[in-house]
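Only one structure is covered here, and it is reproduced in the block below.
The values are calculated or read from the model by the stated rules, or taken from the named source; none is laboratory data. Worth saying up front: this structure is predicted, and the values here are computed from it rather than measured. Here Cβ is always computed from backbone atoms with ideal geometry, including for glycine, and neighbour counts include all displayed protein chains. Just so you know, the surface numbers come from the protein's heavy atoms only, side chains and all, with ligands and any DNA or RNA stripped out. Shrake-Rupley method; radii C 1.70, N 1.55, O 1.52, S 1.80 Å.
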Amino acid sequence: MDPQTYMDVATVVTKLKMYPYFDIAHYILMCISVREDVQPAQAQAGSSGPVQPFARKHPLSSWLSSMLICFAGSILANFLLGEPVITPFKDHQSIITATAVWYLINFSPFDLVYKICKFLPFKLAICVLKETQRAHKVYHGVLVAAKLYPSAYLIIVAVGTIKGAGSGLMKNIDRLIRGVWIPGSNEILQPTFATKASLVASIIFLCERLNLIAVPHPLIYFGVVLFFVYFKISSVILGIHDPFVPLENLFCAIFMGGMWDALRRATSKETAKEDESKDLRNDAMKLKEEKKKD
Amino acid sequence: MDPQTYMDVATVVTKLKMYPYFDIAHYILMCISVREDVQPAQAQAGSSGPVQPFARKHPLSSWLSSMLICFAGSILANFLLGEPVITPFKDHQSIITATAVWYLINFSPFDLVYKICKFLPFKLAICVLKETQRAHKVYHGVLVAAKLYPSAYLIIVAVGTIKGAGSGLMKNIDRLIRGVWIPGSNEILQPTFATKASLVASIIFLCERLNLIAVPHPLIYFGVVLFFVYFKISSVILGIHDPFVPLENLFCAIFMGGMWDALRRATSKETAKEDESKDLRNDAMKLKEEKKKD
Amino acid sequence: MDPQTYMDVATVVTKLKMYPYFDIAHYILMCISVREDVQPAQAQAGSSGPVQPFARKHPLSSWLSSMLICFAGSILANFLLGEPVITPFKDHQSIITATAVWYLINFSPFDLVYKICKFLPFKLAICVLKETQRAHKVYHGVLVAAKLYPSAYLIIVAVGTIKGAGSGLMKNIDRLIRGVWIPGSNEILQPTFATKASLVASIIFLCERLNLIAVPHPLIYFGVVLFFVYFKISSVILGIHDPFVPLENLFCAIFMGGMWDALRRATSKETAKEDESKDLRNDAMKLKEEKKKD
């Protein structure tokens, strides 16, 4: 691709409006995740017969749960920054759009909308839109936090990450609203790729703000979008869920005591060998004694 | 009743001061609900012998739990609106009154106060006071939210509802303070009548603000009070717990996929009949085969 | 000790800077408490073989959990006072120091740092520093709250207590981040000595502000430090965990219905005696009848 064309595309991507298409893609994926997160819980409850969907039995809980996940990034960021957590509910347009999406995903005749959204080509398109929106949210999270706390790098990165991957962090509260409680799993204990990628993107945008990266803004932004989209598509098609794992393992091996572990194992192996030889000698002694008795 | 008299009564009701009688009625019912919510948890723990009341063993936990429930509406509304959640504890008069009520409900000699409050005529009187206070709280919740977010109808209704029925929404946190955790039940999953009635009242007050109801304010306010009181009394005396259920079922049947369900059932019934006839034929065949063998 | 010397020492203690030594002592104890709180949870999970430490498997969760506990006082106080909860993360110096302590406690070669910190003389020194820091935090919590709400005594005492003993109150949330959930235990249900002592210290500082104690400030402050240090040392060395228990029992016996209980027991004892004599008579009757049969 000719660099100028690339730059033009990047500039267009930077200025994309999120509403309505990108936001709708986001709401679709969030409502599907809420709908699918509920099913195993019902299976646990051991209900027999034709299982009625959760949203049918508890529409209020399902709706509030979906809304919380749809606006999780803003809600959590507002909470941390001391702003009213209810603010996202001020924007009627978004709420009505999200409610319409929630309704169509859960109550469309013959589950048509849900099935279409799960159909691979459509799913891929929705994911591409959603990842573009994620980059947008991370960037604006970094901007907002940097305005409030110009020199607090940790807060800037945290807000960027939360804006981009709030749904994961909200999951425990969200499940509680649906009457499900799985304390042993949360986003901080087992961070998903979306969270890690948002973290990396936040750090990149922060570095850009600090003039550590001397590349025009549209290129950085478009690069982040491509990074999100590329790994999302490879996750959906190829099932590569976390390309960060090798890096993490390396990091843990070096800094989180992996080296000391290896050292200890090495030294303890020697003692293990000594123990083994002792055991062998003992066994031999016992055999001799038994023979004597005979 | 002569309309003028009715209007006069309504005006008086609108201007009633909540402190002390109405607030005390509220505190009494809240402290009783905390006290009674604790008992089953103890039963679960399987303690044998004469069970010591929870408030005796854990006075701090019982007190804080009761205070949180007594001021649940303000605390939750403050949290959502980004104001200090501790604000209700600033008002010494209310806190001392609530503490006195908590003390009398839990530690009066021979459980006298508790037993009196549970005695039907007294209970009815307390409930009437409490429901009047609920209407007052819903109305003031709507006022406060409408001042902060004039055009955010969802927030106005939410804050009104929370002010009126905060204790239900607070229950999970409240139980946690008492060491009880029942994730499978919460107010959003199974909303009680109090919550639904507060929601309806909030919507009515909002409609009034938007000039959609052309009735003088005292009449609307008094109507809401009567609505609350009427259904509370019918709940206490007749055991009608939720007069909204038929409406909800109708709503769910129309909008929440009940129609599609019926359609599906109708079509699946036909296939079921076909299956049945198949089964009958199969059975007949088997019988014939068996006869042949004989 | 000569009073003037005592006064001089007290003045020096009042003006001590917390950073770095006192804060580091605090971080060390908090990181150790997080590290040790995790182990039983692993044991529950029933993992066999050489157990890998939690921090190795989930460094992010362990780090965030330790940070939340290290800054629990500020976070909780900010939450209650409606200020941004993320503020403590603005102070890079503290965060980096706490992170370094967390790293050394969890990943030092051969667990050297952890073992040194658990070695009694060092542990005592760390505890002395930590208790001095606690007094400092309680005092500054009281100051901050008194500035915001000059006449709300309850809030002043609450904020002082939370600043001094926030780690206990944060424990449930903190455990949740580590995937552990023990709803039946929390600081309000079973307050530790640290919480109670912070409460007493807050009340003392509040009384000082209200001019109810006519003693120079350094003496009060130094007295509180000595009180904290003395009971902490006696707890570490002698295993006296809660010197408040007798007072509490007395208080409960007088105000929390203990007296009524005793009265009831006394009256029920008499009935019990009557029952006993009845039983005896019954037994005698049975024996007679049996003899007759023979």
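Looking at this structure, is B:Lys163 touching a residue at least 40 places away in the same chain (Cβ under 8 Å), assigned by TED's automatic domain parsing to the domain that holds B:Pro59, in contact with a His (Cβ under 8 Å, 6 or more places away or on another chain) and surrounded by 14 or more Cβ atoms within 10 Å (Cβ to Cβ)? In short, yes. It is to be established whether one or more residues within the range A:177-185 are open to solvent by 30 Å² or more (accessible area, probe 1.4 Å) and under 22 Å from A:Ala158 (Cβ atoms). Taking every residue of the range A:177-185 in turn, at least one turns out to be open to solvent by 30 Å² or more (accessible area, probe 1.4 Å) and under 22 Å from A:Ala158 (Cβ atoms).
Taking the listed residues A:Asn249, A:Asn211, the one that is outside any helix (DSSP H, G or I), at pLDDT 80 or above and either under 30 Å from A:Ala135 (Cβ atoms) or in contact with a Phe, Trp or Tyr (Cβ under 6 Å, 6 or more places away or on another chain) (or both) is A:Asn211, with no other qualifying. Is it true that A:Val101 is touching a Cys at 6+ places or on another chain (Cβ under 9 Å), part of a helix (DSSP H, G or I) and surrounded by 21 or more Cβ atoms within 10 Å (Cβ to Cβ)? So A:Val101 passes the test. Considering only residues that are over 22 Å from C:Tyr21 (Cβ atoms) and in a helix (DSSP H, G or I), look in the range C:70-88 and name the one that is nearest to the other protein chains (Cβ to nearest Cβ). Residue satisfying both the conditions and the ranking: C:Leu80. Restricting A:Leu169, A:Leu219 to those that are within 14 Å of chain C (Cβ to nearest Cβ), in contact (Cβ under 8 Å) with a residue 12 or more places away in the chain, in a helix (DSSP H, G or I) and open to solvent by 40 Å² or more (accessible area, probe 1.4 Å) reduces the list to A:Leu169. Filtering the range C:14-26 to residues that are surrounded by 18 or more Cβ atoms within 10 Å (Cβ to Cβ) and farther than 11 Å from C:Ser167 by Cα leaves C:Thr14, C:Phe22, C:Asp23, C:Ile24, C:Ala25.
Contact annotation: residue pairs with Cβ atoms under 9 Å, 6 or more positions apart or on different chains, pairing a residue in the range B:54-69 that is within 7 Å of chain C (Cβ to nearest Cβ) and surrounded by 20 or more Cβ atoms within 10 Å (Cβ to Cβ) with a partner that is β-branched (Val, Ile, Thr) and not in a helix (DSSP H, G or I), are B:His58/C:Ile188; B:Ser61/C:Ile188. With respect to the stated conditions, A:His136 fails to be out of contact with any strand residue (DSSP E or B) (no Cβ under 8 Å at 6 or more places or on another chain), open to solvent by 60 Å² or more (accessible area, probe 1.4 Å), away from every other protein chain (no Cβ under 12 Å) and within 23 Å of A:Val229 (Cβ to Cβ). Does the range B:141-155 contain at least one residue that is in a helix (DSSP H, G or I) and either outside the structural domain of B:Val34 (by TED's automatic domain parsing) or closer than 18 Å to B:His26 by Cα (or both)? Looking through the range B:141-155, at least one residue is in a helix (DSSP H, G or I) and either outside the structural domain of B:Val34 (by TED's automatic domain parsing) or closer than 18 Å to B:His26 by Cα (or both).
Within the range A:144-155, being in contact (Cβ under 8 Å) with a residue 40 or more places away in the chain and more than 10 Å from chain C (Cβ to nearest Cβ) holds for A:Val144, A:Ala146. Just one of the listed residues (C:Gly49, C:Gly82) is of a type outside the set (A, V, I, L, M, F, W, C), open to solvent by 40 Å² or more (accessible area, probe 1.4 Å) and either at pLDDT 95 or above or at positive phi (or both), namely C:Gly49.
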